[in-house]
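First comes the structure, then the notes that go with it.
No lab work stands behind these numbers, since they all come straight from the coordinates. Note that this is a predicted model, so its numbers are computed, not measured. Glycine also receives a Cβ, built like all others from the backbone with ideal geometry; neighbour counts cover every protein chain displayed.
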Amino acid sequence: LTGVLDDCLCDIESIDDFNTFKIFPKIQKLQERDYFRYYKVNLKRPCPFWADDGHCSIKDCHVEPCPESKIPVGIKAGSSNKYSKAANNSKELEDCEQANKLGAVNSTLSNQSKEAFIDWARYDDSQDHFCELDDERSPDAQYVDLLLNPERYTGYKGPSAWRVWNSIYEENCFKPRSVYRPLNPLAPSRGGDDGESFYTWLEGLCLEKRVFYKLISGLHASINLHLCANYLLEETWGKPRWGPNVKEFTRRFDPAETKGEGPRRLKNLYFLYLIELRALSKVAPYFERAVVDLYTGNGHEDAESKALLLEIFRDTKSFHMHFDEKSMFAGDKKGAKSLKEEFRLHFKNISRIMDCVGCDKCRLWGKLQTQGLGTALKILFSEKEIQSLPENSPSKGFQLTRQEIVALVNAFGRLSTSIKELQNFKVLLQQTR
């Protein structure tokens with residue numbers, strides 16, 4: 001996979017180098033900070049589109065909380081319910097990992113944590129969202145420690161998983177029913193077409209709608225890459241061994257096995273990386289203001305987290321081949337406004353479809369990555385509001401909640417990891433030849 005990407009003037013090799021040497025090590029560190037490791041999510045919202053076909057019964061999918069005594073809260077509440085420094089490397093963390101079933105979502109937190117999270121919430125505000133937001137006051141909404149719940153292959157597959165992605169593509173990518181995606185098992189047999197009619201249709205779309213499809217395809221490719229890279233290879237004596245599965249990677253992305261579709265999917269992953277990278281560079285002024293804290297209550301840790309985040313923003317600004325979003329929604333004002341709203345509603349619908357994912361682990365990461373991309377789009381469509389932010393007071397025109405910030409950083413962290421894993425697979429494939 002080499003060369004220049006469609007719809008932008010950026011080449012894959014430049015992204016690989018930039019990600020490997022500048023972004024990946026720093027975003028990994030940032031995701032381990034207290035502010036970014038806890039994500040509030042409601043995994044019990046019913047699927048709004050079809051009767052629930054039952055949750056995944058594989059042990060790696062279901063929620064199995066760690067014992068309360070083993071939870072490495074990482075944050076100890078003081079007299080004022082504010083957080084102190086995390087005990088990230090404690091023995092308790094290792095015990096908890098052992099106690100945790102293979103991929104069960106660990107959802108237990110101490111009472112002090114819960115009180116402190118309420119304190120955090122006072123710093124939140126919200127406005128026009130691209131995602132269907134979980135009601136954070138719902139008794140079913142819970143904080144999840146993302147470090148204890150890594151995204152990996154749980155065994156969730158088949159009709160339930162396929163139905164979710166099919167619904168996303170068929171109903172939300174501006175696509176007529178008569179046009180079938182390549183390798184779609186529902187498509188009528190059309191001889192040697194191999195998806196050419198689909199790509200003819202795609203090229204005929206306006207840039208905005210073409211971009212929308214590429215973002216969804218890129219997200220799909222990224223999630224598939226995570227599953228291939230963190231696959232349950234074997235389990236002996238109850239101990240799992242996770243690692244890269246070259247055979248699974250080949251099945252999903254090899255040109256011969258996918259009739260040329262695999263490389264297109266991976267190019268869309270790079271395109272999505274560029275879009276979210278652009279959003280990070282655009283939102284920097286919001287965080288550069290002294291009034292914005294990554295608030296956990298621990299002043300020293302909060303200052304370190306913000307310094308690391310600003311360092312990442314400086315790196316994103318230094319990238320010299322950004323996607324130029326000015327070409328989007330650039331037509332007449334009325335048409336641009338309605339297209340933007342259509343974009344937002346389609347994306348919101350996709351975030352609701354994530355509540356139909358039958359595996360809790362997959363649902364958690366699906367919701368987070370969708371919200372991260374939705375937040376990136378919100379940023380790209382709010383450039384004027386961000387540029388006119390007041391230095392020392394909260395802004396009415398543009399605001400990010402803590403949820404959106406956590407989702408934005410972790411979603412981009414997942415894309416950064418995908419591109420790094422792709423490099424690893426290239427090496428593994430060379431070794432097997």
Margin query: Largest first, please: the extent of the C-alpha atoms of segment 258-355 along each principal axis, to the nearest Å.
Written below: 51, 39, 36
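Fully extended, how many nm does the chain gain between Arg177 and Lys44 (0.36 nm per residue separation, minus their Cα-Cα distance)?
Numbers: separation 133, 0.36 × 133 = 47.88 nm, distance 3.11 nm.
Difference between extended and current length: 44.8 nm.
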Item checked: Unit charges at the beta carbon, dipole of segment 336-433: most positive-side option, Ala336, Leu377, Leu422 -> Leu422
Check: Efficiency by 1/(1 + (r/R0)^6): what FRET value for Trp201 and Asp17, r their Cβ-Cβ distance, R0 = 30 Å, to the nearest 0.05?
Finding: 0.30
Next item on the list: Quote the FRET efficiency, to the nearest 0.05, computed for Asn424 versus Glu288 with a Förster distance R0 of 35 Å and r equal to the Cβ-Cβ distance.
Entry: 0.55
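Quick one: which of Lys334/Lys361; Lys282/Lys334; Lys361/Lys384; Lys209/Lys259 span more than 30 angstrom between C-alpha atoms?
Numbers: Lys334/Lys361 41 Å; Lys282/Lys334 24 Å; Lys361/Lys384 37 Å; Lys209/Lys259 24 Å.
Over 30 Å apart, Cα to Cα: Lys334/Lys361; Lys361/Lys384.
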Next item on the list: Please sort 170-183, 338-351 by packing, taking for each peptide the average over its residues of neighbouring beta carbons within 10 angstrom, highest first.
Entry: 338-351, 170-183
Notebook entry, point to check: Between Trp237 and Leu186, what is the label-to-label distance in nm when each label sits 7 Å out along the Cα-to-Cβ direction?
Noted result: 4.8
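So which GluC sites (Glu not before Pro) in segment 240-324 pass both tests, a DSSP loop state and at most 10 other Cβ atoms within 10 Å of the Cβ?
Filter output for segment 240-324: empty list.
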Notebook entry, point to check: Out of residues 5 or more away from Gln142 or on other chains, whose amide H comes under 5 Å of its own, with H placed 1.01 Å from N in the peptide plane?
Noted result: Val41, Asn42, Leu43
Check: What is the extension gain from Gln431 to His320, computed as 0.36 nm multiplied by their sequence separation minus the C-alpha to C-alpha distance, in nm to one decimal?
Finding: 36.6 nm
